[in-house]
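Below: the structure, in structure tokens.
FYI, it's all coordinate maths here, none of it is from the lab. This one's a predicted model, so the numbers in the text were calculated from it and none came from an experiment. Ideal geometry is used to build each Cβ from the backbone, glycine not excepted, and the neighbour counts take in all protein chains shown.
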């Protein structure tokens, strides 16, 4: 079953963008069309028409979404669109040395999307910068089983 996937990237330093590029290389094949969009200047309208999304975001400051993701996050909070046609996954980047706010950027998107009716596929990928692993490698390993699960849920829904 063919899948169209949009990766939305929230980043401050470019790490989440690097991870998204690796995910695109890993997932883009004859059955999966991947489009990557930086969250800059996006609003809740990006989810119009539903579809499959992967939110790939870092965490910044006191557990906030990155600066380039703030407008989209705030738009979801204020516009409160019906996202029942949206399925999504989360790739959250964080650092466990900040235990209180670990991966909060991704967790915040997860919470607002679920609140608005979107259906999460699988468990979020939470990457710990202090673990000594490369986030793009961890994400690439996580992505295979995740996209397989997305295909299964698409076939069940069809």
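Reducing segment 136-158 and segment 1-46 to their Cα centroids gives an inter-centroid distance of 14 Å.
Expressed as a rounded percentage, what relative contact order does segment 3-157 have, with Cα pairs under 8 Å and six or more residues apart?
25 percent
Just checking my list (1) 43, 31, 23; (2) 43, 35, 23; (3) 68, 31, 24 against Cα extents along the principal axes in Å computed from this structure; which label fits? Read-out from the structure maps to (2).
Of all the options 42, 54, 23, the one that moves most in a Gaussian network model of the chain with Cα springs shorter than 10 angstrom is 42.
Here segment 130-158 is scanned for amide nitrogen atoms under 19 Å from the site 7 Å beyond the Cα of residue 99 along Cα-to-Cβ, giving 130-132.
In this label model, residue 21 and residue 40 are separated by 1.4 nm, measuring between points 7 Å along each Cα→Cβ vector.
Return the percentage of antiparallel bridges among DSSP beta bridges fully within the chain, rounded to the nearest 5 %.
Details: 2 of 28 bridges.
That works out to approximately 5 percent antiparallel.
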